[in-house]
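Working notes for the structure below.
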Amino acid sequence: MEIKFTKEQYENLMKLVYLGNWMINAIRTDDRVKKYDELKHYIFSFAKDAGLDRYIDYDEESHTYYPSLELEEDGEIEQYMDDYNDENFWEELIHHLSRRDLIEAYGEDAIRKMSLEELFEKEEPFIEKYTDELEDHGIKNLRIKE
């Protein structure tokens, strides 16, 4: 199979591959998902041919292509990462607080017996409460009880 890209398309592909691999492997150390590292390596190996070698560094010892500082600090990429992290933070916070309150209100055994529809129905008021609170006040009113 052969796929042809314009320089702009290839640059976008490099950024997309970098972001995808970052999402999958940035949190991992010993358990990296190698198939995505390998795909990133393969895609990055064409950077010089595309005239985009400023985005890629090559380690002679390990024979590995990796993102250059210029790619890692690309404003567009940083913005996508920041947007993702910010949205994910709020969604996860709302989910965990809502689930905690749901368990406190109904108990784990009762929740296990609920249909998915009933579970969503019972959890929705908690989600709405935390969504409204966090949209209005951010984390200002969150406190740890001692």
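The values are calculated or read from the model by the stated rules, or taken from the named source; none is laboratory data. Owing to the predicted nature of the structure, the values given are computational and were not obtained by experimental measurement. Cβ sites come from the backbone with ideal geometry, for glycine too, and all protein chains shown count toward neighbours. Ligands, DNA and RNA are excluded from the accessible area calculation, which covers all protein heavy atoms including side chains. Shrake-Rupley method; radii C 1.70, N 1.55, O 1.52, S 1.80 Å.
Applying the set (1) closer than 30 Å to residue 4 by Cα; (2) not in a loop (DSSP other than H, G, I, E, B) to residue 102 leaves exactly one unmet item: (1).
Name the single residue that is least open to solvent (accessible area, probe 1.4 Å) among those in region 12-30 being over 15 Å from the mean Cα position of the chain (by Cα) and either within 13 Å of residue 72 (Cα to Cα) or at pLDDT below 95 (or both).
Our first condition is that a residue be over 15 Å from the mean Cα position of the chain (by Cα); within region 12-30, this holds for 12-14, 29-30.
Right, trim to either within 13 Å of residue 72 (Cα to Cα) or at pLDDT below 95 (or both) and you get 14, 29-30.
Details: 14: 1, 29: 111, 30: 151 Å².
Per the criteria, the residue is 14.
Quick one: is residue 142 under 28 Å from residue 23 (Cβ atoms), of a type in the set (A, V, I, L, M) and not in a helix (DSSP H, G or I)? Can you show your working first?
Values: under 28 Å from residue 23 (Cβ atoms): yes; of a type in the set (A, V, I, L, M): yes; not in a helix (DSSP H, G or I): yes.
Yes, satisfied.
Which one is least open to solvent (accessible area, probe 1.4 Å) among residues in region 93-118 that are in contact with a helix residue (DSSP H, G or I) (Cβ under 6 Å, 6 or more places away or on another chain) and hydrophobic (A, V, I, L, M, F, W, C)?
So in region 93-118, the residues in contact with a helix residue (DSSP H, G or I) (Cβ under 6 Å, 6 or more places away or on another chain) come out as 94, 97-98, 101-102.
Restricting the remaining residues to those that are hydrophobic (A, V, I, L, M, F, W, C) gives 94, 97, 102.
Details: 94: 20, 97: 27, 102: 0 Å².
Filtering region 93-118 for residues that are in contact with a helix residue (DSSP H, G or I) (Cβ under 6 Å, 6 or more places away or on another chain) and hydrophobic (A, V, I, L, M, F, W, C), the one least open to solvent (accessible area, probe 1.4 Å) comes out as 102.
How many of the residues making up region 42-69 are in a helix (DSSP H, G or I), surrounded by fewer than 16 Cβ atoms within 10 Å (Cβ to Cβ) and either modelled with pLDDT of 95 or more or not acidic (Asp, Glu) (or both)? Residues meeting the conditions: 3.
As for region 119-132, it holds at least one residue that is open to solvent by less than 40 Å² (accessible area, probe 1.4 Å), over 30 Å from residue 48 (Cβ atoms), modelled with pLDDT of 95 or more and β-branched (Val, Ile, Thr).
Beta carbons closer than 8 Å, at least 6 apart along the sequence or on distinct chains, pair a first residue in region 42-61 that is without any contact (Cβ under 8 Å) to a residue 12 or more places away in the chain with a second that is open to solvent by less than 100 Å² (accessible area, probe 1.4 Å) and of a type in the set (Val, Ile, Thr) for 48/56; 58/64.
Limited to region 70-92, what total is found for residues that are touching a helix residue (DSSP H, G or I) at 6+ places or on another chain (Cβ under 9 Å) and either loosely packed, with under 15 Cβ neighbours inside 10 Å or farther than 16 Å from residue 139 by Cα (or both)?
Going residue by residue through region 70-92, those that are touching a helix residue (DSSP H, G or I) at 6+ places or on another chain (Cβ under 9 Å) are 70-72, 74, 76-78, 80-81, 84, 90.
Those left that are additionally either loosely packed, with under 15 Cβ neighbours inside 10 Å or farther than 16 Å from residue 139 by Cα (or both): 70-72, 74, 76-78, 80-81, 84.
Matching residues across region 70-92 total 10.
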